[in-house]
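Notes for the one structure printed next.
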Amino acid sequence: MTAALFPLFADLRGRPVLVVGGGVVAERKVQALRHAGARVRVGAPALTPALRQAAEQGAIEWWAGSFEPGWLQPRTWLVIAATADTEVNQAVAAAAEAQGIFANVVDDAALSSFQVPALVERGALQIAISSGGGAPMVARHLRRWLESLLDDSWGGLVELFGRQRAQIRARFPDTGARRRFFETLLAGPLPRLLRDRRPADAARYLQTQLAQPGASEHGSVVLVGAGPGDPGLLTLAALRALNEADVILHDRLVSGPVLALARRDAERIEVGKSASGHSTTQDRIQALMLEHARAGRRVVRLKGGDPFVFGRGGEELQFLQAHGIAFEVVPGITAAVACAAYAGVPLTHRAHAQSVQLVTAHCRDSLDTLDWSALARGQQTLAFYMGVAALETIQARLLAGGRAAGTPFALVENGSRPEQRVVVGRLDELAALAGRQQVASPALLILGEVAALAGQLHWFGAAPVGEAPSLSAKTGAATLAHAA
């Protein structure tokens with residue numbers, strides 16, 4: 001097994017570094033070295049146009065010709081061999097070894113005494129990733145992932161702490177006390193202020209905490225949409241919130257894989273509601289948010305789908321605002337959008353559906369308030385949330401309102417999850433077919449001409465169960481014909 005590399009960040013400002021080679025690879029290495037402030041010498045018989053221009057402008061020093069060990073003198077701090085000639089690269093590595101100079105031979109870990117890592121930069125913050133030279137593409141892939149995960153506020157955080165470093169060290173000479181102070185700051189609103197592009201407020205907050213370091217920290221609440229279940233549908237902001245959480249108050253239907261992405265030592269409290277069995281009242285949920293936020297904790301209120309689509313997110317924000325608790329909202333992919341996509345059902349279609357209505361059907365009171373004649377009109381898609389227990393009523397009222405008996409439907413059970421199941425059919429057989437198939441919550445009902453496309457555009461999980469009407473092959477026609 002190859003020995004582990006010792007990670008090292010080198011200060012090369014004003015220090016001479018030699019690059020052997022004048023091609024495009026050498027050009028990239030020179031660019032990185034100049035960014036670090038190094039005094040770059042390039043040794044090669046010829047240069048790329050960009051390197052030649054840099055030499056003519058005095059930005060780099062060019063030594064024309066073939067490599068000689070004397071190029072390492074006067075004192076060179078590092079050398080990089082970036083040629084396509086194996087013998088030249090070997091000569092560079094040997095000369096550097098003889099003179100005790102760190103050398104990197106591009107794409108040759110065996111000849112190198114140091115590796116150039118994949119780098120993520122956010123201002124003064126740098127994250128270096130190395131595979132020890134064995135698998136640079138893995139390091140680059142991880143770098144791309146981190147690039148998408150870390151926003152620019154991290155650079156602002158480093159800059160802010162750097163400006164106040166002397167003051168912080170003077171106020172907390174004890175290392176342990178200083179570490180706890182930083183943890184308190186990072187657990188509070190400071191990172192959020194920087195993410196919200198409020199650097200002046202962040203600086204004032206830091207000064208306040210330095211003046212009153214013993215003051216209790218106020219917590220905050222983030223309403224996070226968890227989507228329908230597939231953890232790949234979480235937004236980057238949602239993932240960040242889960243990794244910063246002290247307490248997670250989550251709905252019953254939030255999937256295990258989503259919860260697994262949260263900070264490991266975060267306290268997880270299920271506060272789900274259920275039509276049958278144990279439920280947590282809304283008053284209790286709000287009391288828990290208030291209790292933990294007032295105790296200085298970062299609370300994530302994790303909701304299936306999107307917090308503002310049948311998720312009572314607005315009510316919870318009004319409660320938090322009334323009690324002076326800071327909050328944020330991270331939208332999620334709502335069930336209608338996600339389940340339709342994973343079932344191969346476009347919610348709109350130029351020929352068949354020019355509008356979408358999202359409808360909640362979780363209780364009789366909500367059903368009684370709906371305009372069923374408007375819902376029964378054609379050329380629109382209906383997406384019913386929480387409607388499994390009310391399918392018979394939905395079917396009867398739509399038929400009574402004039403919706404065609406042959407209107408296609410798709411019931412998407414456990415949408416976007418590995419166990420996803422799609423049941424398709426006609427409106428006049430909706431309740432009976434769902435009963436025979438034992439469709440259970442969570443399931444979303446999609447009703448409209450576009451539901452007939454579930455079989456044709458199926459791509460995820462098991463194929464749809466049942467027989468759906470088929471759309472006419474004529475362009476723009478919405479006429480339905482029963483599938484054979």
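Bear in mind that the values in this text are calculations on the coordinates, not laboratory data. These numbers come from a predicted model, not from an experiment. Note that we place each Cβ from the backbone using ideal geometry, even for glycine, and neighbour counts take in every protein chain shown.
Numerical summary
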quantity: Alpha-carbon gyration tensor eigenvalues x 5, square-rooted, for segment 336-481, Å; calculated: 20, 19, 13
quantity: Amide proton proximity set for residue 280, modelled H, under 5 Å, gap of 5+; calculated: 272, 273, 274
quantity: Computed lengthening from residue 107 to residue 419, 0.36 nm per intervening residue step minus Cα-Cα distance; calculated: 107.9 nm
quantity: For segment 438-446, 3J(HN,Hα) per residue [Karplus equation, 6.51 cos²θ - 1.76 cosθ + 1.60, θ = phi - 60°, Hz, x = Gly/Pro]; calculated: 6, 5, 10, 5, x, 8, 10, 9, 10
quantity: Beta bridges per DSSP with both ends in the chain, % antiparallel, nearest 5; calculated: 35 percent
quantity: Sequence-separation-based contact order of segment 334-392, relative, with Cα cut under 8 Å and 6+ spacing, percent; calculated: 39 percent
quantity: On Cα atoms only, tilt of 24-35 relative to the major axis of the chain in degrees; calculated: 90 degrees
quantity: Stretch gain in nm, segment residue 400-residue 13, where the contour uses 0.36 nm per residue and the Cα spacing is subtracted; calculated: 131.4 nm
quantity: Nearest-0.05 FRET efficiency for residue 145 and residue 459, computed from C-beta distance (R0 30 Å); calculated: 0.75
quantity: Estimated FRET transfer efficiency when R0 is 22 angstrom, pair residue 295-residue 163 (beta carbons, to 0.05); calculated: 0.10
quantity: For segment 153-211: rounded, prolate or oblate by the Cα gyration tensor [a/c cutoff 1.5]; calculated: prolate
quantity: Gained length - residue 437 relative to residue 182, 0.36 nm times residue gap less alpha-carbon distance; calculated: 86.2 nm
quantity: Label-to-label distance, nm, for residues given as residue 126 and residue 284 (7 Å Cα→Cβ offset); calculated: 5.3 nm
quantity: Label-to-label distance, nm, for residues given as residue 24 and residue 261 (7 Å Cα→Cβ offset); calculated: 3.5 nm
quantity: Value of D in µm² per second that Stokes-Einstein yields for the chain, Kirkwood Rh from Cα pairs, at 25 °C (0.890 mPa s); calculated: 89 µm²/s
quantity: Residue 97-residue 210 FRET efficiency (beta carbon distance; Förster radius 56 Å; 0.05 resolution); calculated: 0.65
quantity: Mean separation of Cα contacts under 8 Å, 6 or more apart, over the residue count of the chain: relative contact order %; calculated: 9 percent
quantity: Relative contact order (percent, whole number), segment 153-211, Cα cutoff 8 Å, 6+ residue spacing; calculated: 42 percent
quantity: Pair residue 351, residue 50: separation of 7 Å Cα→Cβ label points (nm); calculated: 4.9 nm
quantity: The chain - mean residue ellipticity at 222 nm from DSSP helices (-39,500 (n - 2.57) per run, n ≥ 4, rounded to 500); calculated: -10000 deg cm²/dmol
